[in-house]
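K.L.:
One structure, as structure tokens, below. Some questions next.
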């Protein structure tokens with residue numbers, strides 16, 4: 001099995017890479033990083049620099065890859081420099097809004113455009129992107145976090161749309177949005193203060209939970225939005 005992991009230098013991406021590389025059924029893991037390669041190595045893991053918001057770079061990578069069985073996109077943005085999630089609409093800044101969409105939404109479109117042809121091989125395949133429960137419109141009872149919520153809600157729509165389009169050409173492909181739970185990574189660290197200890201997961205725990213969910217899905221489930229514990233989440 002050949003696996004492509006986008007954002008494999010981050011907490012969740014790295015845990016996916018290490019966990020999957022340890023499986024006998026996996027022959028190759030290609031892990032991308034934005035600027036600094038991870039410090040760990042594995043004979044099955046090939047590290048590739050990639051700005052996943054750059055279509056030219058994504059297309060170039062696709063030309064070099066060959067067939068893919070699983071694609072896992074863990075790239076995401078919640079805060080950047082002095083910018084963080086907005087509590088009120090008065091805090092909205094257009095450039096930060098667009099950066100959220102550029103990192104949280106656009107890459108899945110670019111990856112599908114250039115990588116889906118590499119998954120048209122007739123074998124079972126998975127295309128998954130890490131989303132967030134905060135992207136659920138139906139569960140939003142608190143408001144706030146405008147840019148992040150909106151970009152993740154848009155991401156979920158992208159996955160649903162892709163599942164409809166690719167159903168005919170990729171009948172064995174499962175597309176899914178996955179909520180990883182609150183995981184101890186650089187993305188969530190500034191917001192962990194009020195998270196109970198038993199609700200803050202290690203990346204390894206979150207990844208193992210998500211893998212169980214993925215391995216229980218069939219093509220009939222394609223386009224769904226799932227939590228790490230297997231719960232189907234509302235749009």
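The values are calculated or read from the model by the stated rules, or taken from the named source; none is laboratory data. Small disclaimer: the values here were computed from a predicted structure and weren't measured. Every residue, glycine as well, gets a Cβ built from its backbone with ideal geometry; the counts of neighbours run over all protein chains shown.
K.L.:
Across the range 220-231, what is the number of residues that are more than 11 Å from residue 179 (Cβ to Cβ) and either crowded, with 17+ Cβ neighbours inside 10 Å or without any contact (Cβ under 8 Å) to a residue 12 or more places away in the chain (or both)?
P.N.:
Of the residues in the range 220-231, 4 are more than 11 Å from residue 179 (Cβ to Cβ) and either crowded, with 17+ Cβ neighbours inside 10 Å or without any contact (Cβ under 8 Å) to a residue 12 or more places away in the chain (or both).
K.L.:
For the range 47-60, what are the residues that are assigned to a strand (DSSP E or B) and surrounded by 14 or more Cβ atoms within 10 Å (Cβ to Cβ)? Lay out the reasoning, then the answer.
P.N.:
First pass over the range 47-60, keeping only residues assigned to a strand (DSSP E or B): 47-49.
If the condition is that a residue be assigned to a strand (DSSP E or B) and surrounded by 14 or more Cβ atoms within 10 Å (Cβ to Cβ), then 47, 48 are the ones that fit.
K.L.:
Which ones in the range 133-165 are buried (at least 22 other Cβ atoms within 10 Å of the Cβ) and more than 13 Å from residue 235 (Cβ to Cβ)?
P.N.:
147, 148, 151, 162
K.L.:
Same structure, new question: Looking at (1) touching a strand residue (DSSP E or B) at 6+ places or on another chain (Cβ under 7 Å); (2) surrounded by fewer than 21 Cβ atoms within 10 Å (Cβ to Cβ); (3) assigned to a loop (DSSP other than H, G, I, E, B), can you tell me which one residue 43 breaks?
P.N.:
Tallying (1) touching a strand residue (DSSP E or B) at 6+ places or on another chain (Cβ under 7 Å); (2) surrounded by fewer than 21 Cβ atoms within 10 Å (Cβ to Cβ); (3) assigned to a loop (DSSP other than H, G, I, E, B), residue 43 fails exactly one: (1).
Okay, residues lined up against (1) modelled with pLDDT of 95 or more; (2) over 17 Å from residue 127 (Cβ atoms):
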site: 4; (1), (2): yes, no
site: 7; (1), (2): yes, no
site: 10; (1), (2): no, yes
site: 22; (1), (2): yes, yes
site: 29; (1), (2): yes, no
site: 32; (1), (2): yes, no
site: 36; (1), (2): no, yes
site: 42; (1), (2): no, yes
site: 46; (1), (2): yes, yes
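K.L.:
Spot the failing condition for residue 235; the list is (1) part of a loop (DSSP other than H, G, I, E, B); (2) at pLDDT 95 or above, and only one is missed.
P.N.:
(2)
K.L.:
Next question, about the same structure. If I ask for residues that are in contact (Cβ under 8 Å) with a residue 12 or more places away in the chain, assigned to a loop (DSSP other than H, G, I, E, B) and farther than 20 Å from residue 8 by Cβ, which ones from the range 72-103 would you list?
P.N.:
Listed by number, the residues that qualify are 79, 84, 85, 86, 87, 88, 92.
K.L.:
Within the bounds of the range 16-31, is there any residue that is buried (at least 22 other Cβ atoms within 10 Å of the Cβ), in contact with a strand residue (DSSP E or B) (Cβ under 6 Å, 6 or more places away or on another chain) and under 20 Å from residue 100 (Cα atoms)?
P.N.:
No, that holds for no residue.
K.L.:
Name the single residue, out of those in the range 106-150 being in a loop (DSSP other than H, G, I, E, B) and under 16 Å from the mean Cα position of the chain (by Cα), that is farthest from residue 89 (Cα to Cα). Working first, answer last.
P.N.:
Restricting attention to the range 106-150, the residues satisfying the condition of being in a loop (DSSP other than H, G, I, E, B) are 120-124, 131-132, 136-145.
Checking the rest, the ones that are also under 16 Å from the mean Cα position of the chain (by Cα) come to 131-132, 136.
Details: 131: 22, 132: 20, 136: 19 Å.
Filtering the range 106-150 for residues that are in a loop (DSSP other than H, G, I, E, B) and under 16 Å from the mean Cα position of the chain (by Cα), the one farthest from residue 89 (Cα to Cα) comes out as 131.
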